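**Q** Can you keep this structure in mind? I'll have questions shortly.
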Amino acid sequence: MVLRVLGVPSAAGAYGHGVARAPAALRAAGLLEALRSRGLDVADAGDLPLVPFTPDPTSPRAQLVEQVGAVARDVADRVATISGAGDVPLVL
């Protein structure tokens with residue numbers, strides 16, 4: 001069994017900048033190496049496309065809800081592919 005790490009650099013629906021940098025920051029901080037050091041078989045599945053922060057002044061309580069839904073569907077598709085291959089997804 002492989003723990004397959006999938007980055008989702010998305011700020012869709014966020015209320016500010018920076019959230020999309022989390023997958024890269026976690027990798028840079030040594031997350032994958034730390035998991036490997038605990039005996040896990042870890043593979044990096046890369047990142048989904050970057051979705052930067054964009055304010056939605058027309059809907060402040062549901063920031064870009066369609067974009068959020070699209071990102072969620074993309075994540076679900078990739079998780080299904082990873083799981084279907086017998087691996088365990090870890091979404092960042």
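**Q** Could you state the accessible area per residue of the chain in Å², with a 1.4 Å probe and every protein chain left in place?
**A** Accessible area per residue: 60 Å².
**Q** For the chain, what is the relative contact order in percent, using Cα pairs closer than 8 Å and at least 6 residues apart in sequence?
**A** 48
**Q** Working with all protein chains in place, sort ASP56, ASP77, ASP47 by solvent-accessible area computed with a 1.4 Å probe, largest first.
**A** Final ranking, largest accessible area leading: ASP77, ASP47, ASP56.
**Q** Where in segment 5-92 are there trypsin sites (Lys or Arg not before Pro) that are in a DSSP coil and have at most 12 other Cβ atoms within 10 angstrom of their Cβ?
**A** ARG38, ARG61
**Q** Moving on to the next point. Taking the Cβ of ALA12 as the centre, find all other residues whose Cβ is under 11 Å away and add up their charges (Lys, Arg: +1; Asp, Glu: -1).
**A** Cβ neighbours under 11 Å give a net charge of -3.
**Q** Out of PRO23, PRO60, PRO49, any idea which swings most in a Gaussian network model of the chain, alpha carbons joined below 10 Å?
**A** Fluctuation is largest for PRO60.
**Q** Please state, to two decimals, what the Cα-based radius of gyration of the chain comes to when divided by 2.2 N^0.38 Å (N = residues).
**A** Cα Rg divided by the expected 2.2 N^0.38 Å: 1.20.
**Q** May I pose another question? For the peptides 11-20, 79-88, what is the packing order when you average, over each peptide's residues, the other Cβ atoms within 10 Å and list the highest mean first?
**A** Ranking, from highest mean packing down: 11-20, 79-88.
**Q** I would also like to ask the following. With labels modelled as points extended 7 Å from the Cα through the Cβ direction, what inter-label distance (nm, one decimal) is found for GLN67 paired with ALA29?
**A** If labels sit at GLN67 and ALA29, their model points lie 2.5 nm apart.
**Q** Taking the Cα centre of the chain as origin, work out the dipole magnitude from +1 charges on Lys and Arg Cβ and -1 charges on Asp and Glu Cβ, in debye rounded to 20.
**A** Here the size comes out at about 200 debye.
**Q** Would you work out what percent of the accessible area of the chain, with all protein chains in place, is carbon or sulfur (probe 1.4 Å)?
**A** The value for the chain is 62 percent carbon and sulfur by accessible area.
**Q** OK, next. To the nearest 0.05, what FRET efficiency results for SER59 and LEU3 with a Förster distance of 41 Å applied to their C-beta separation?
**A** Computed FRET efficiency for SER59 and LEU3: 0.65.
**Q** Once Lys and Arg get +1 and Asp and Glu get -1 on their Cβ, which of VAL51, LEU40, ALA70 lies farthest toward the positive end of the dipole of the chain?
**A** Among VAL51, LEU40, ALA70, the one farthest towards the positive end of the dipole of the chain is LEU40.
The values are calculated or read from the model by the stated rules, or taken from the named source; none is laboratory data. Worth saying up front: this structure is predicted, and the values here are computed from it rather than measured. In this analysis, Cβ positions are derived from the backbone assuming ideal geometry, glycine residues included, and neighbour counts consider all displayed protein chains. Heavy atoms of the whole protein, side chains included, go into the accessibility calculation; ligands, DNA and RNA do not. Shrake-Rupley method; radii C 1.70, N 1.55, O 1.52, S 1.80 Å.
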